[in-house]
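Student: One structure, pasted below without further comment.
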Amino acid sequence: MALQFEILGRFNRARAAQLILPHFICQTPLFMPVGTKGTIKGLTTSQLEEIGCQIILGNTYHLELQPTSQLIDELGGLHKFMNWPRALLTDSGGFQMVSLLHLADITENGVTFQSPVDGKPMLLTPEESIQIQNRIGADIIMALDDVVKTTITGPRIEEAMYRTLRWIDRCIAAHKRPNEQNLFGIVQGGLDPVLRDICVKGLVERNLPGYAIGGLAGGEDKDSFWRVVAQCTAALPEDKPRYVMGVGYPLDIVVCSALGADMYDCVYPTRTARFGTALVPEGILKLTHSAMADDTRPVDPTCACMVCKRYTRSYIHCLVTKDAMGSQLLSYHNLFYMLKLSRDLHSSIIEGRLPEYVCGFLQKMFPKGDVPEWVCNAMEVAGIDISSCCAPFPSSQD
Amino acid sequence: MKFAVKAWSKGRARAGVLQFVSSSKSSSPCPTEIEIETPALLLSTRKGLPFFISPDLLPSLPSPDSHLLQFSPLHFLEGITPETITTIGGLHEMLGLHEFRFAAVPRDSIVCLPHCEGTNKLGASFETPFGRILIKPSEYMKFIDSMKPNSWTTLADEVPAWVSQKRNKTSVDRTVRWLDDCIALSSKGGNIFGAIVGGSSVEERRRSAQEAAKRNVSGYWIGGFGLGESMDDRPPLLNAVTDSLPEQKPRQICGLGLPEEVLQGIDSGVDLFDTTYIYHLTTGGFALTFPLERFVRNVSDPQLSNMGSDGTKINLNSEVYRKDDVPIVDGCRCYTCQNHTKAYINHLLSVNEMLALILLEIHNTHHYLGFFRAIREAIKGGKFEEFRQQFIEDRRERDHIFTAALSA
Ligand SMILES: [Zn+2]
Ligand SMILES: [Zn+2]
């Protein structure tokens, strides 16, 4: 195990912690921007440090295609290759294959897929995924799991869960750098509480450095989503970090953190920036909208980032979707927003004012008090009273 | 704005100082004076910001050398109105760059280009991202008034080298008339750079320059170059212009980008150049590598690559840099070279990542500013001609070694 997880404060199920990784001491709740190909689109590493980014997620599948893990290894690992002194996490590559390549097929041996280079069938085994990640050298590496869409039901979910458990042992056995890299196991089991429970128990028995909740953020309804998160966080060990994969939206992160999750990753902030959308306390702001042309306010008047301090919505409107600078500046703001959200969650938990923070957050996002029911339900389980920001008759729409 | 020539190097090449006094009446937080030594580079921009270098990264470029930005008002034809720009308080305020100085030039040489056939007596025509447009002096001046640049160039009828003598003459007539129109229309004053055209006719060039010299302007903008004339055609045309202009006013040019072209312009007494060349290098994946120290004969180990690299630049798209674990230029003090290797930039280019362009624009701009610094030193030392000869010879030599190495 190459990490320490020190809880600094709690509020019911929520926790604020210090996650000590080989390359950086991170504060949780923690948002991890996605740097698919060894860079976060449009930002330099010094800008990422500047805005408080603590850990970056790299995608194993893409890095293995180019420049290859072998080259990264030869040049001293991904930290050195991209000159990023802080923490890194790599995924297993399996999810990317299943989601990007239609021809991926999962067997007991591994994930079979058609090579995007020459079309030949290739196989990614749990052993291979770990070997590749060992070469890339991230602080946290992920076990290869059998990913199925959460919207699928039936025996395939059960098969995937058990296979994920069988594969974790192969991953553990293949892991050559346990003193420098932390292998996280991934809880599968779809939306079935029984299967999730079996998976959590199985993984916890392996005493891994951390655990991820997988198979979510794939189009399932929000009520099922938070219930799975709540179930898993309740069953996972207190003294280990919990990572909800592929999440998410600011609201999801607030809810999951209240339920006791610690880590998140999502391409949304940077992807949506490239389409001209800014994340703001009220939700989103489409800078492409023609009303922005003569709006001389900052993108988010409450934001302290370089972009909001300097630019008006009208100027950003001029840039978005036409000039590279538009997506650079909006990505900067959006990541700043997400990292600030993480820091605010961290400090409000430590200072014992998480309910006030959550209420303030919800009030801005739902000024009419129409907080979605799933959020209300999740907050009840989290023991956070949000009645002050809910309308007397909460609407039942999602 | 004040300008003073401080040194001549035998011929026409000159070194000067461009001084911007505190930026107008506006309550700008940085009213400091800026002194920029010439010959200097005006960094080309898209909508007032460098193409890929975001404002927080700008301070990593040498200061104050990098504090002159050139922009095209035509970039703002869509998306924002002059009224909104006025409400915001002008360009400095809109861009949050109070410590920078802005020079407006109608065309940008990249996406806004003069369209000679479309230009008529009413206004100048341009090919732009919003289609072909005709700009009248009154429309142009509305933008200038709202943006409040530190200097601005009057509207010109630029023609390519191959037009008839008659068309060329018309272009000078129009440009002179628009010069008067723009001066008359400019309510806020500012530093006016009078446009000079004249195509490839020495007489028309001289006439255009003489007319501009008669007007009350702060400097001159020489247009109509880089439009089909050959390098050898240029010196007499350039000299006809600069010889007709008063010595103590700055001369800005458009259309000369390559190092050899810059040296050619300086040799004729031009003071200010733009960086469209840097843009083309950067988007092509090129990095400037020629040695900057005067008389340094560093002709060793050219990298083997047949992808357009030569003695002055390398193409980082090339496979040879895949494992190249060192910076673009050893000892370069730019952000890119201080932080990243050629191997990383090669990777970023091969997967089409925006960071490649950011890093290359930083290095190339830094490098080219260094080239200008070296030129100024040579002029001050009275050795510009030697510097120029040396540069051209070195390059020839490097090209030679390079070709030999390639064919070996
Ligand atoms: Zn902001
Ligand atoms: Zn450099």
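The values are calculated or read from the model by the stated rules, or taken from the named source; none is laboratory data. Small disclaimer: the values here were computed from a predicted structure and weren't measured. Virtual Cβ from ideal backbone geometry, glycine too; neighbours counted across all protein chains shown. Heavy atoms of the whole protein, side chains included, go into the accessibility calculation; ligands, DNA and RNA do not. Shrake-Rupley method; radii C 1.70, N 1.55, O 1.52, S 1.80 Å.
Student: How high is the relative contact order of chain A? Use alpha-carbon pairs under 8 Å, at least six apart in sequence, and give a whole percent.
Tutor: 17 percent
Student: Contour minus end-to-end for A:MET1 and A:ALA234, with contour as 0.36 nm per residue of separation and end-to-end as the Cα-Cα distance?
Tutor: Residue separation times 0.36 nm, minus the Cα-Cα distance, leaves 81.6 nm.
Student: Here is a follow-up. Assuming R0 = 30 Å, can you tell me the calculated FRET efficiency for the pair B:ARG215 and B:GLU377, based on Cβ-Cβ distance, to the nearest 0.05?
Tutor: E(calc), rounded to 0.05, equals 0.35.
Student: Evaluate the distance, in nm, between pseudo-label points positioned 7 Å from the Cα of A:VAL204 and of A:ASP192 along their respective Cα→Cβ axes.
Tutor: 2.0 nm
Student: Expressed in nm², what is the orientationally averaged projection area of the convex hull enclosing the Cα positions of the protein assembly as shown?
Tutor: Approximately 36.2 nm², given one-decimal rounding.
Student: Over the protein assembly as shown, give the accessible area per residue in Å² for a 1.4 Å probe, as an integer.
Tutor: Result: 37 Å² per residue.
Student: Over 28 Å, how big is the tail of the calculated P(r) for chain B, in percent of all Cα pairs?
Tutor: Pairs farther apart than 28 Å: 47 percent.
Student: Suppose only helical runs count, i.e. DSSP H with n ≥ 4. What mean residue ellipticity at 222 nm does that imply for chain B under -39500 (n - 2.57) per run, divided by all residues and rounded to the nearest 500 deg cm²/dmol?
Tutor: Calculated at 222 nm, the ellipticity per residue is -11500 deg cm²/dmol.
Student: Give me the percent of DSSP beta bridges within the protein assembly as shown that run antiparallel, rounded to the nearest 5.
Tutor: Roughly 50 percent of the DSSP beta bridges within the protein assembly as shown come out antiparallel.
Student: Next question, about the same structure. Which of the helices in chain B meet the span-like rule: DSSP H, Cα axial reach of 20 Å or more, Kyte-Doolittle mean at least -1.0?
Tutor: B:165-185, B:354-380, B:384-407
Student: Also, I was wondering about something else. Rounded, prolate or oblate, given the Cα gyration tensor of chain A, with a/c below 1.5 counting as rounded?
Tutor: Here chain A falls in the oblate category.
Student: Report in % the part of the accessible area of the range A:131-252 that belongs to carbon and sulfur, leaving out ligands and nucleic acids; probe 1.4 Å.
Tutor: 55 percent
Student: Among A:LYS286/A:LYS364; B:LYS6/B:LYS249; B:LYS313/B:LYS380; B:LYS169/B:LYS214; A:LYS80/A:LYS176; B:LYS142/B:LYS249, which pairs are too far apart, with a Cα-Cα distance over 24 Å?
Tutor: Pairs exceeding the cut-off: B:LYS313/B:LYS380; B:LYS142/B:LYS249.
Student: Quick check for me: using +1 on Lys/Arg Cβ and -1 on Asp/Glu Cβ, what's the dipole size of the protein assembly as shown about its Cα centre, in debye to the nearest 20?
Tutor: Roughly 1960 debye, rounded to the nearest 20.
Student: Report the Stokes-Einstein translational diffusion coefficient (µm² s⁻¹, integer) for the range B:160-205, Rh taken as the Kirkwood radius over Cα pairs, at 25 °C with viscosity 0.890 mPa s.
Tutor: 213 µm²/s
Student: Oh, and also: Quick one: Cα centre-to-centre distance for the range A:199-245 and the range A:53-106, in angstrom?
Tutor: Taking the Cα centre of the range A:53-106 as reference, the centre of the range A:199-245 is 23 Å away.
Student: Over the range A:289-398, what is the relative contact order in whole percent, taking alpha-carbon pairs under 8 Å and six or more residues apart?
Tutor: About 17 percent, as a whole number.
Student: At 222 nm, what helix-only mean residue ellipticity would chain A give, in deg cm²/dmol to the nearest 500, using -39500 (n - 2.57) for each DSSP H run of four or more?
Tutor: Roughly -12500 deg cm²/dmol at 222 nm, from the helical runs in chain A.
Student: Amide H neighbours of B:GLN70 under 5 Å, counting only residues 5+ apart in sequence or on other chains, H built in-plane at 1.01 Å?
Tutor: Answer set, sorted by chain and number: B:LEU43, B:SER44, B:THR45, B:ALA103.
Student: In nanometres, what is the gap between the two model label sites at B:GLU293 and A:LYS176, each 7 Å from Cα along Cα-to-Cβ?
Tutor: According to this spin-label approximation, the distance is 4.3 nm.
Student: While we're looking at this one, here's another question. Express the carbon and sulfur contribution to the solvent-accessible surface of chain B as a percent, rounded to the nearest whole number, probe 1.4 angstrom.
Tutor: 51 percent
Student: Restricting the count to DSSP beta bridges whose residues both fall in the range B:91-231, what percent are antiparallel, rounded to a multiple of 5?
Tutor: Percentage antiparallel, nearest 5: 45.
Student: If you take the square roots of the eigenvalues of the alpha-carbon gyration tensor of the range B:111-185 and sort them as a ≥ b ≥ c, do you get rounded (a/c under 1.5), prolate (a/b over b/c) or oblate?
Tutor: oblate
Student: Pull up all non-local amide H partners of B:PHE3: gap of 5 or more, or a different chain, and H-to-H distance under 5 Å with H placed in the peptide plane.
Tutor: Amide H neighbours of B:PHE3: B:GLN19.
Student: Compare B:THR154, B:THR86, B:THR365 in a GNM of chain B, Cα atoms joined below 10 Å, and give the one with the largest fluctuation.
Tutor: Looking only at B:THR154, B:THR86, B:THR365, the largest GNM fluctuation is found for B:THR86.
Student: Name all residues of the range A:19-42 having a backbone nitrogen under 13 Å from the label point set 7 Å from the Cα of A:VAL267 along its Cα→Cβ direction, giving them as ranges.
Tutor: A:34-41
Student: Distance in nm between label sites at B:ASP243 and A:PHE275, each 7 Å beyond Cα in the beta-carbon direction?
Tutor: 6.3 nm
Student: Then there's this: Calculate the FRET efficiency for B:SER164 and B:VAL21 from the Cβ-Cβ distance with a Förster distance of 30 Å, rounded to the nearest 0.05.
Tutor: E(calc), rounded to 0.05, equals 0.10.
Student: Provide the buried accessible surface between chains B and A in square angstrom, both chains summed, 1.4 Å probe, rounded to the nearest 100.
Tutor: Summing both sides, the interface buries roughly 3500 Å².
Student: Report for the range B:1-110 the percent antiparallel among DSSP-assigned beta bridges with both residues inside it, nearest 5.
Tutor: 65 percent
Student: Rank A:LEU100, A:LEU216, A:LEU30 by mean-square fluctuation in a GNM of chain A with C-alpha springs under 10 angstrom and give only the top-ranked residue.
Tutor: A:LEU100
Student: Using only the Cα atoms of the range B:215-362, what do you get for the radius of gyration and for Dmax, in Å?
Tutor: For the range B:215-362, the Cα radius of gyration and maximum Cα-Cα distance read 18.4, 58 Å.
Student: Okay, next question. Treat every Asp and Glu Cβ in the range A:306-345 as -1 and every Lys and Arg Cβ as +1, leave all other atoms uncharged, and give the resulting dipole magnitude about the Cα centre to the nearest 20 debye.
Tutor: Roughly 120 debye for the range A:306-345.
Student: Right, another one. Tell me which residues come under 5 Å, amide H to amide H, from A:GLY42 once H is placed; ignore anything under 5 positions away on its chain.
Tutor: HN-HN under 5 Å from A:GLY42: B:MET354, B:LEU355.
Student: Separate question: Quick check: from the Cα gyration tensor, does the range A:1-134 come out rounded (a/c under 1.5), prolate or oblate?
Tutor: prolate
Student: Report the accessible area of B:TRP221, computed with a 1.4 Å probe over the heavy atoms of all protein chains in place, in Å² rounded to the nearest 10.
Tutor: B:TRP221 exposes around 10 Å² with every protein chain in place.
Student: While we're on this one: In the range A:304-345, what residues drop by 20 Å² or more of accessible area when the other protein chains are put back, versus the chain on its own? Use 1.4 Å, and skip ligands and nucleic acids.
Tutor: Checking the loss per residue gives A:MET306, A:ARG310, A:TYR311, A:THR312, A:SER314, A:TYR315, A:CYS318, A:LYS322, A:ASP323, A:ALA324, A:MET325, A:GLN328.
Student: Tell me, what is the percent relative contact order of the range B:97-137, built from C-alpha pairs under 8 Å that lie six or more residues apart?
Tutor: 27 percent
Student: Now for a separate question. Set the Förster distance to 41 Å, then compute FRET efficiency between A:ILE284 and A:GLN18 from the Cβ-Cβ distance, nearest 0.05.
Tutor: 0.85
Student: Given springs between every Cα pair under 10 Å in a Gaussian network model of chain B, which of B:GLN165, B:GLN210, B:GLN70 has the largest fluctuation?
Tutor: Among B:GLN165, B:GLN210, B:GLN70, the largest mean-square fluctuation in the Gaussian network model of chain B belongs to B:GLN165.
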